[in-house]
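Structure record follows, encoded as C-alpha cells.
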C-alpha cells in the first residue's frame, strides 16, 4: 500500500476489493469524529455521484444491536438513586453520601458487563474476601461499622440486579448494559443482517466487542481492518501491539485467514522535537511559537494537517489564549471536565453565596462579603454588571456581613442580571434552578457572536444549561430536594460527572483534540502536550471496589491494559507523522511533576534509524541582571511637586522616615500620592487598632485639657473607657463585626491598653505628679530657613499628646507596638538620618524642633509611651555623653538635629540624586 493515511488506505481497499456496491457496506469506526474525514476521502476518490456507505461509530452499532438508548452519567446517577431509595434500607443516605460510592460502583458495573463477567460470581467473591478479612473477629467484637460494611458487600448483587432490571424496562442503559444486551441479541441480528460490516481502525476491544466481531467474522458477515505497525506487532514486549498480538494468536479466524493490514510507517523518517519547559503557561507559549513558525515558513501552510493533542484537558484555556492571531480557524473536539468550566465556577459561587446567606441567620438574609465580591468579580459577570461603586462601599465600610436589603440599596445602576443574581433563594428548588437558567440566558445575550473567546464561553454556557435542566427534571420528580443545601449537594455531585463537549467543523483549521479523539486519524504535524508521568500516560490509580488481583483472575482490565491503550494511542499519533513535537513540564509540582513520560524515554532508548531526535529545555528569557533596583530620576515635574510639598503641606516626620526607609516608597506615597488599594478588614489590622486607642484617649482627655488632672478625673475616664472604645470601634471600623472571633480579642486588647494607660496615670497622680494636658492629636508646623536649602521648607506633623508634668514640657508619641528605651538613645549625630533604626528619634526630635519656638517652659522632653511596654512608662529621648544621659532637649541638641535634617532634605530635593530603591 502507498504511504497514505489509514483512511486513504481504507477508501482504496473499499474501491478495489469489494465486488459489491460501496453503498451496501456498513463501516464501523472507533469514534464518531472519523466519520466526517472518511466521507471527505470518499468524495475525493469517486469523481461521479454515488451513495455513501453507512458509517457509524462502534457505540452506535452496539446501541443499534441492543435496541437500548445510552444515558449520560448524570441521568444514570439519578436512576441509580431512585433504585437505591426504593430498596429496603435501615437508613437511606443523602444523595451526597450515596454518590460518593455510587459513582465508583457504577464504573465497576460497567466493566463487569462490558467484559461479560457473571456479576453474581464477582460480588460473591468480593463478599467472601471481606468476610475473610474479618475472620478472626468474634460476633461480640464486630462493631456496627464492620457490620454495615459487610451488609454493603452483601447488597451489591441486589443493587446490580435492580438497577439492571429498572433500566432495561425503560429501554435505557449505561455502556456495559448495552454491550451485554447486544451480545444477547447477536444471534438474531446475525441471521437478519444484510449489509457487510467493515470494522476499521480498532485496537483494544472488550470481551463483548470481541465476541460480536468474531461471530460476524465466522459467518462471513464482517471484515476487520487493523491499523498496526510491524514494529509493534513483532516486538513482543511493546505495549502498542499488546491487544493486536493477542487477537492474532487467540482468534479462531486467524487460524485459517492471514493477518493483514500490518503497515511499515513508524520506522520511516521523522523529525521528533522533545521540549521541556516550566509550568502549564510555558507549554501554551511553546505551542503558540511552534504554530507561528509553521505559518511563517509558508503563509499558505495548511493547518488542517496539524494536530494539537492535549494530554491534560486543563491546558485548553491557556492554549486558546496563547494561540497566535494568524491562526485562520480552529476546531476543538475533546471532552472537558465541567468542574473547570468558568461558567460552572460562577454557578458554584452563586450556590455558595446564597447557601451561606441562608445558613448564617434563620431570621434574615445576610451575605458574607467574600461571597459577594467573588460573584461580582467573576469575569463573566463583571463586564455586564457594573458594581464598582458597590464593591468600593463594601471595602470602605468594612462590611464583613451585609444584608440583602443593603446590597440592593447600595447598587446604583441595577440591571436585570444584578437583580437575578441577588434575588433571595427562598423559593422552591425548581424556581431557583429556573432563575439560574435565566442568568445563563442573560449572559448568553451579552456575548459577542463574532468573538472566538465568546464562542467558547457559549459552549461552556450550554453544558451548564443542560446540567441545570437535568436538575429541574429530577427535582420535579422528587420532593425531598427541598433546600438550597441539598440542591447545592446535588449540583456538586452532578458536575463531577458532567463534561463539556466541544464540536466543530473538523475539516478546516487547526485541530485541537484530546487523546481519544485522535483515533483512526493521521496528521503530518503532531504537537502533544503534558508528556509527563501521571498525565500521559495517566497514573495507575483506578477508582474501583474490585482489587487488582481479582481483576486479573476474572479477566477484567487492569492498569496494565489501560497503559497499553494509552501506548497505542501515542504511537498511532506518531505513526504517519513527519514532524512531531512532544512537550513536558520540567517543574516539580506534586508527586508526578517534572518527570517526563516513559514514552519519551522509550523513543530515546528504542530509537529507529531514520528518526531524528532533538531534546531541549526551553525556559523563559531571564535577563543577565535577574533583579535591578528601581531608580527614578527627578524630572522637572517631580521637582515642582517636591517644592509644592515643601511650601504648602510640609514634610511630616513620618514622610522623612519613609524616605530613610525606602526612597521609592516615599516617591509613590508622598510625591505621586498613591494609596494602597482599600480592602475589607475582616480582622482588625494593627494600624486600625492603634487608631482606635489613640482616638479613645483623645476623647477621654478632651474635657480636661489645660487643667491639672485629679484622681477623680481619671476614675471617671476609667468608668467611661469601655463605652468609648466601642464607640471608636464603630466609628473607625465602620460596619465590621466587633463582637466575634479575632475582632473580639482585638476589642478586649484595646480596652486593656486604655485601662492600663489610665491606671498608670492614676498611680502617678496619686504619687504626687502634677499633670496638665495641653494638647491632644494637634498638628504643629515650622518653617525651616537655611542658606544651604534651595528654598524655605515647611515641617509639619501631628503630635499625639503635649503635657506639662512637674513643670517639664513633655511631647509624647503613643506606640501600639513594643518600644524599648535603648532604641531612643544616641551617642553621636553621625548617620542619624541614614539608618532606619533611628526613625523614632527622628520623629521625636522633629516634634521638638517644631515646638521649640512655641513653648515657654524651663525644660522640654520628648518621648514615647509604648502600650506593649507600659511598665516602662514615659521613655524619653536621651543623648549619651560618657556615662551620663541627657534627656532635656537643649538648643544645642536641636541645632545638631537641624543640621542632620537639612542634609536629609538636601538629598531629597537634589535633582542629581534619583529616588532609588532600598532592598534591605
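Considering every residue within segment 605-617, establish whether at least one is under 32 Å from the mean Cα position of the chain (by Cα), surrounded by 15 or more Cβ atoms within 10 Å (Cβ to Cβ) and at pLDDT 80 or above. Before you say what the answer is, go through the steps one by one.
Applying the first criterion (under 32 Å from the mean Cα position of the chain (by Cα)) to segment 605-617 yields 615-617.
Going one step further and asking which of them are surrounded by 15 or more Cβ atoms within 10 Å (Cβ to Cβ), we end up with none.
No: segment 605-617 contains no residue that is under 32 Å from the mean Cα position of the chain (by Cα), surrounded by 15 or more Cβ atoms within 10 Å (Cβ to Cβ) and at pLDDT 80 or above.
Which one of 286, 295, 281, 290 is at pLDDT below 90, assigned to a helix (DSSP H, G or I) and crowded, with 16+ Cβ neighbours inside 10 Å? Step through it out loud before you land on a result.
Values: 286 fails: at pLDDT below 90; 281 fails: crowded, with 16+ Cβ neighbours inside 10 Å; 290 fails: at pLDDT below 90.
Exactly one of 286, 295, 281, 290 is at pLDDT below 90, assigned to a helix (DSSP H, G or I) and crowded, with 16+ Cβ neighbours inside 10 Å, namely 295.
Among 895, 916, which is without any contact (Cβ under 8 Å) to a residue 40 or more places away in the chain, closer than 24 Å to residue 646 by Cα and either touching a helix residue (DSSP H, G or I) at 6+ places or on another chain (Cβ under 7 Å) or exposed (fewer than 14 other Cβ atoms within 10 Å of the Cβ) (or both)?
Numbers: 916 fails: without any contact (Cβ under 8 Å) to a residue 40 or more places away in the chain.
895 is the lone residue from the list that is without any contact (Cβ under 8 Å) to a residue 40 or more places away in the chain, closer than 24 Å to residue 646 by Cα and either touching a helix residue (DSSP H, G or I) at 6+ places or on another chain (Cβ under 7 Å) or exposed (fewer than 14 other Cβ atoms within 10 Å of the Cβ) (or both).
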- Task: Collect the residues in segment 648-670 that are in contact (Cβ under 8 Å) with a residue 24 or more places away in the chain and more than 25 Å from residue 811 (Cα to Cα), keeping them in residue-number order.
- Result: 662, 663, 664, 666, 667, 670
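Based on what the data block shows, is residue 780 surrounded by 13 or more Cβ atoms within 10 Å (Cβ to Cβ) and part of a helix (DSSP H, G or I)? Please lay out each step first, then the result.
Details: surrounded by 13 or more Cβ atoms within 10 Å (Cβ to Cβ): yes; part of a helix (DSSP H, G or I): no.
So residue 780 fails the test.
Looking at 278, 288, 296, which one is in the same structural domain as residue 556 (by TED's automatic domain parsing) and in contact with a helix residue (DSSP H, G or I) (Cβ under 8 Å, 6 or more places away or on another chain)? Don't jump to the end; show me each part of the working.
Details: 278 fails: in contact with a helix residue (DSSP H, G or I) (Cβ under 8 Å, 6 or more places away or on another chain); 296 fails: in contact with a helix residue (DSSP H, G or I) (Cβ under 8 Å, 6 or more places away or on another chain).
Just one listed residue meets the conditions, 288.
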- Message: Going residue by residue through segment 557-573, is there one that turns out to be at pLDDT below 95, assigned to a loop (DSSP other than H, G, I, E, B) and in contact with a helix residue (DSSP H, G or I) (Cβ under 8 Å, 6 or more places away or on another chain)?
- Response: yes
- Query: Which is surrounded by 19 or more Cβ atoms within 10 Å (Cβ to Cβ), free of Cβ contacts under 8 Å to residues at least 24 places away in the same chain and closer than 29 Å to residue 173 by Cβ, of 115, 81?
  - Reply: 81
- Quick one: is residue 225 outside the structural domain of residue 557 (by TED's automatic domain parsing), buried (at least 17 other Cβ atoms within 10 Å of the Cβ), touching a residue at least 24 places away in the same chain (Cβ under 8 Å) and within 21 Å of residue 22 (Cα to Cα)? yes
- Return the pairs, sorted by first residue and then second, in which the second residue is outside any helix (DSSP H, G or I) and modelled with pLDDT of 85 or more, the first residue lies in segment 461-482 and is in the same structural domain as residue 346 (by TED's automatic domain parsing) and surrounded by fewer than 20 Cβ atoms within 10 Å (Cβ to Cβ), the beta carbons are less than 8 Å apart, and the residues are 6+ apart or on different chains. 482/428
- Query: Here are some conditions: (1) under 54 Å from the mean Cα position of the chain (by Cα); (2) within 19 Å of residue 908 (Cα to Cα). Residue 756 meets all but one. Which one does it not meet?
  - Reply: (2)
- Message: I need the full set of residues from segment 354-371 which are part of a loop (DSSP other than H, G, I, E, B) and either at pLDDT 80 or above or buried (at least 18 other Cβ atoms within 10 Å of the Cβ) (or both), in order please.
- Response: 365
- Do any helices (runs of 4 or more DSSP H) lying entirely in segment 389-503 carry at least 1 residues that are under 30 Å from residue 324 (Cα atoms), and which ones are they? 429-446, 452-477
- Query: Of all residues in segment 314-353, how many are in a helix (DSSP H, G or I), under 15 Å from residue 497 (Cα atoms) and touching a strand residue (DSSP E or B) at 6+ places or on another chain (Cβ under 8 Å)?
  - Reply: 1
- Message: Just checking, does segment 577-597 include any residue being modelled with pLDDT of 90 or more and assigned to a helix (DSSP H, G or I)?
- Response: no
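Only one of these is touching a residue at least 24 places away in the same chain (Cβ under 8 Å), touching a strand residue (DSSP E or B) at 6+ places or on another chain (Cβ under 8 Å) and more than 17 Å from residue 654 (Cβ to Cβ): 850, 875, 870. Name it. Talk me through it step by step, then tell me what you get.
On the way: 850 fails: more than 17 Å from residue 654 (Cβ to Cβ); 870 fails: touching a strand residue (DSSP E or B) at 6+ places or on another chain (Cβ under 8 Å).
After ruling out the rest, the residue left standing is 875.
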- Query: Any residue at all in segment 728-740 that is surrounded by 13 or more Cβ atoms within 10 Å (Cβ to Cβ), part of a helix (DSSP H, G or I) and touching a strand residue (DSSP E or B) at 6+ places or on another chain (Cβ under 8 Å)?
  - Reply: no
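Specify the residue that is nearest to the chain's Cα centre (by Cα); the eligible residues are those in segment 55-78 that are assigned to a strand (DSSP E or B) and buried (at least 16 other Cβ atoms within 10 Å of the Cβ).
Filtering segment 55-78 down to residues assigned to a strand (DSSP E or B) leaves 55-57, 69-70.
The next check asks that each one be buried (at least 16 other Cβ atoms within 10 Å of the Cβ); those that pass are 55-57, 70.
Values: 55: 41, 56: 39, 57: 36, 70: 33 Å.
For segment 55-78, the residue satisfying everything is 70.
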- Please verify whether segment 840-847 includes one or more residues that are in a strand (DSSP E or B) and in the same structural domain as residue 899 (by TED's automatic domain parsing). no
- In the list 126, 116, which residue meets the criterion of being within 29 Å of residue 553 (Cα to Cα), more than 36 Å from the chain's Cα centre (by Cα), in a loop (DSSP other than H, G, I, E, B) and outside the structural domain of residue 474 (by TED's automatic domain parsing)? 116
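Test residue 239 against the criterion of being more than 16 Å from residue 514 (Cα to Cα) and surrounded by 15 or more Cβ atoms within 10 Å (Cβ to Cβ), and give yes or no. Full working, then the answer.
Working: more than 16 Å from residue 514 (Cα to Cα): yes; surrounded by 15 or more Cβ atoms within 10 Å (Cβ to Cβ): yes.
The answer is yes for residue 239.
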- Message: Conditions first: (1) surrounded by fewer than 18 Cβ atoms within 10 Å (Cβ to Cβ); (2) touching a strand residue (DSSP E or B) at 6+ places or on another chain (Cβ under 9 Å); (3) more than 29 Å from residue 603 (Cβ to Cβ). Residue 252 passes all but one, so which condition is the exception?
- Response: (2)
- If you take the residues of segment 172-196 that are surrounded by 19 or more Cβ atoms within 10 Å (Cβ to Cβ) and not in a helix (DSSP H, G or I), which of them is farthest from the chain's Cα centre (by Cα)? 173
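The values are calculated or read from the model by the stated rules, or taken from the named source; none is laboratory data. This one's a predicted model, so the numbers in the text were calculated from it and none came from an experiment. Here Cβ is always computed from backbone atoms with ideal geometry, including for glycine, and neighbour counts include all displayed protein chains.
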